[in-house]
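To start, the structure under review is shown below, and the notes come after it.
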Amino acid sequence: MRFEMCRVSLFVLVCVSVFVDNAIAACTTSRNENGFGERLKCSNVTLNTVQVFGGLDVSDIMIFQSRIENIPDRSFLRYSKDLISLSMHDCGIKEISGYAFGSLKKLKKLSLPYNYIASVRDQWFVDLTSLEQLDLSYNLITSIEPTVFEKLRGLKWLDVRENRLTCLEPVQLVPMAGLEKLRFSGNPLTFRCRGTLTLWLRDLGINYKIEQRGEENWLDDILWLCAADDVKIAESEVFMKECVVLNLFNQLRTGLTTAESFPLSIPQECTYARNKLTQCIAADRRHGREVVTNGHVVRKLLRQLRESKSAV
């Protein structure tokens, strides 16, 4: 009797599990707000489901929280006649075939955020001649092929936030003559690259700042000043870092000598110890040479202070 009850309970649980999975994995269609074509929305589905579910006049596809690791060639050929917007959000995408978006000549918006894309290939965009918005944010992108932006001459809005890019060279972005907005925060850009990029964007009037989050915007002014001082500084990542550190140190010193906090009460022995420490750090004995830049001295001072504090 107990065995039969267990079997029945197990059967019920399996049925409930299947029911829940089917309820979660779903696609729905609705008319677009502008009245043109259908909007297809899917979640927890495979790419095969998306490819057969909608009608032939689908103009907007939105796929969420699915497991679609690979997008094969011409995956959306069925919808190429009317498809204008394609969004694949949090779908686990790792690989995209060269012609995955082939024949989508009317596509204006492509969004692939929160996936695992590591590199961007120009072949993806060969047929996307109408593309105006591209969202590649929150991926693992470390490289973008130099010729990608030659295929995106009509792009107006580009989002590559929260990736692993160390540089975006302006010379690569030049083909996008109509670019209006660029979002790149959250990438480990080098100081040299960020200074060159943001100055170029400012000169062309391209919006790159996020109004709600301006934590990094202060850095641009310092980078521009550092680059303007000396061509050698502008071309060296090391010198740019030292220049930024020195500027921050000078700002801190200025802040400490305001009317409210000046004069500072510093014991004589502390002043003497500080001078000895500066002289010690300035002499780079490990390499048998003297350090000649103030920025290098300040950077080593700050590191020494941090290490001594952590050791306490």
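So here's what we get for this one:
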| quantity | calculated |
| --- | --- |
| Inter-residue pairs, beta-carbon under 7 Å, first of a type in the set (A, V, I, L, M) and in segment 230-248, second open to solvent by 80 Å² or more (accessible area, probe 1.4 Å), 6+ apart | Ile233/Phe239; Leu246/Asn294 |
| All strands (runs of 3 or more DSSP E) inside segment 62-164 with 1 or more residues being acidic (Asp, Glu) and modelled with pLDDT of 95 or more | 133-135, 157-159 |
| Failed condition for Cys226, given (1) assigned to a helix (DSSP H, G or I); (2) surrounded by fewer than 20 Cβ atoms within 10 Å (Cβ to Cβ) | (2) |
| Options Asn115, Asn44; residue that is on the phi > 0 side of the Ramachandran plot and open to solvent by less than 80 Å² (accessible area, probe 1.4 Å) | Asn44 |
| Qualifying positions in segment 148-179 - open to solvent by less than 50 Å² (accessible area, probe 1.4 Å) and of a type in the set (S, T, N, Q) | Asn163, Gln172 |
| Failed item in (1) at pLDDT 85 or above; (2) open to solvent by 40 Å² or more (accessible area, probe 1.4 Å); (3) more than 30 Å from Ser130 (Cβ to Cβ); (4) polar (S, T, N, Q), with Asn207 passing the rest | (3) |
| Filtered residue count, segment 108-155, keeping only those that are in contact with a Phe, Trp or Tyr (Cβ under 7 Å, 6 or more places away or on another chain), farther than 24 Å from Tyr79 by Cβ and of a type outside the set (A, V, I, L, M, F, W, C) | 1 |
| Among the residues listed as Val12, Val50, the single one being open to solvent by less than 90 Å² (accessible area, probe 1.4 Å), more than 23 Å from Lys94 (Cα to Cα) and at pLDDT below 95 | Val12 |
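The values are calculated or read from the model by the stated rules, or taken from the named source; none is laboratory data. Everything quoted here is computed from the prediction, not taken from an experiment. No Cβ is skipped: glycine too gets one built from the backbone with ideal geometry, and neighbour counts run over all protein chains shown. For accessibility, only protein heavy atoms count, side chains too; no ligands or nucleic acids. Shrake-Rupley method; radii C 1.70, N 1.55, O 1.52, S 1.80 Å.
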